[in-house]
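All remarks here apply to the structure that follows.
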Amino acid sequence: MLKNIQIIGLMSGTSLDGLDIAHVAFDFSAALPTFELLHSETLPYSDEILVKLNVAKTFSVPEMLMLDKEIGRFYALKVLEFIEKNKISVKTISAIACHGQTIFHQPENGFTQQIGCGTTLAFLSGIPVINDFRSLDVIAGGQGAPLVPIGDFLLFSDEADAFLNIGGFVNISFKKGDEITAFDICPGNLPLNKFAETLGLKYDKNGEIAKNGQLDESLLKKLNNINYYSLSAPKSLGTEWLEKQFLPLIPKELSPEKKLRTITEHIAIQISAVLNNQQLNSVFITGGGAHNNFLIECLKQHFSGNIIVPQSKLIDFKEAIVFAFLGARYLRNEVTTISSVTGAKLSLCTGVYHRI
């Protein structure tokens, strides 16, 4: 069985802040695998692609198929540029592990869709591709998410009791006894970025606008009473839920500053509720939201445990590292999902392999 594997991991989240590329070397010779992040970079989407991704849910089937191929070509171009820039030998790369860009996530209806054509990416890059890590789990009755927990507990187990990723949505994983539990807690950067954009900004840097905004107690109460928060895991969120259940609660007449302040407080309250209810003593935070100083300040007001924010490389590239890890496990024919996390009938080796 393969013991030393180099993978290029590609991750693009729902907040559309760019394509994360991580070149990772894994060593599986010990009981717990180890890794080294050799090279990493975040590359922005073109304005043209961003416009399409923002309205992709309205596309016809032919339009969606064309966008799928376009994203595959974009990924291939960026991977080849990344390889050339970092002088990486293609022969050392076993595969590209690609999350793809989520367009639909409806496990309750039996499907999830991430675009970025694996066949296109494999042919144009000259490297085998593993993608579509979620669909098999959904077919087996799972949520198809989250997938990162297997990496949390095999690559970062010494860091904390719980692992939190604040991306477009906030997800958590933690261990109780021998069982790993993980789920989406609440929205994260998606609504924050949406209302920052009304001020002409891509995002609220360090949470400064939210920090200077006024809390709206009525809105905060409405948000905290959303039914999803009372549901038991396994559970997951998608942009469809955000648009139907969350955003309609926010009055249009409220100022962007009030919206940002109130949503930030809401996120901190929901995160801390899970941490406190599960009696967790420490949490390791990654994802773009870990850079939001005000959100971290709010969280510290509600959670008295140890909050660990690692170095920037790990904040920004942990998910790309973990998807590279899922690719390596696929090549080793090891499971990439945890049934207690996703709710599937069994843990599975998910992914679709595209060869040249």
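The values are calculated or read from the model by the stated rules, or taken from the named source; none is laboratory data. On a predicted model such as this, the values are computed, not experimentally measured, just so you know. Cβ coordinates were reconstructed from backbone atoms using ideal geometry, including for glycine residues, and neighbour counts include every protein chain displayed.
Which condition number in (1) of a type outside the set (A, V, I, L, M, F, W, C); (2) under 18 Å from Gly167 (Cβ atoms); (3) touching a strand residue (DSSP E or B) at 6+ places or on another chain (Cβ under 7 Å) is the one that Glu243 fails?
Of (1) of a type outside the set (A, V, I, L, M, F, W, C); (2) under 18 Å from Gly167 (Cβ atoms); (3) touching a strand residue (DSSP E or B) at 6+ places or on another chain (Cβ under 7 Å), only one is false for Glu243: (3).
Please go through region 311-332 and pick out each residue that is out of contact with any Asp or Glu (no Cβ under 7 Å at 6 or more places or on another chain), touching a residue at least 24 places away in the same chain (Cβ under 8 Å) and either small (Gly, Ala, Ser) or not in a helix (DSSP H, G or I) (or both).
Those that are out of contact with any Asp or Glu (no Cβ under 7 Å at 6 or more places or on another chain), touching a residue at least 24 places away in the same chain (Cβ under 8 Å) and either small (Gly, Ala, Ser) or not in a helix (DSSP H, G or I) (or both): Ala324, Gly327, Ala328, Arg332.
Restricting attention to region 56-104, and to residues there that are basic (Lys, Arg) and either in a helix (DSSP H, G or I) or outside the structural domain of Ser12 (by TED's automatic domain parsing) (or both), which single residue is farthest from Ser12 (Cα to Cα)?
Lys91
When the residues of region 276-292 are narrowed to those that are over 20 Å from Phe153 (Cα atoms) and surrounded by 13 or more Cβ atoms within 10 Å (Cβ to Cβ), which ends up modelled with the lowest pLDDT?
Restricting to residues being over 20 Å from Phe153 (Cα atoms) and surrounded by 13 or more Cβ atoms within 10 Å (Cβ to Cβ), the top hit is Gly288.
May I ask you to verify whether Ser272 is under 25 Å from His105 (Cα atoms) and in contact with a Leu (Cβ under 8 Å, 6 or more places away or on another chain)?
no
Out of (1) assigned to a helix (DSSP H, G or I); (2) touching a strand residue (DSSP E or B) at 6+ places or on another chain (Cβ under 6 Å), the odd one out for Val283 is which?
Only one criterion is unmet by Val283, namely (1).
Filter region 201-238 down to the residues that are of a type in the set (Gly, Ala, Ser) and either assigned to a loop (DSSP other than H, G, I, E, B) or not assigned by TED's automatic domain parsing to the domain that holds Arg261 (or both) and list them by number.
Gly213, Ser232, Ala233, Ser236, Gly238
Of the conditions (1) surrounded by fewer than 18 Cβ atoms within 10 Å (Cβ to Cβ); (2) farther than 25 Å from Pro107 by Cβ; (3) of a type in the set (A, V, I, L, M), Leu231 fails just one. Which one is it?
Every listed condition holds for Leu231 apart from (2).
Can you find, within region 55-84, the residue that is modelled with the lowest pLDDT among those that are among the small types (Gly, Ala, Ser) and within 20 Å of the chain's Cα centre (by Cα)?
Ala56
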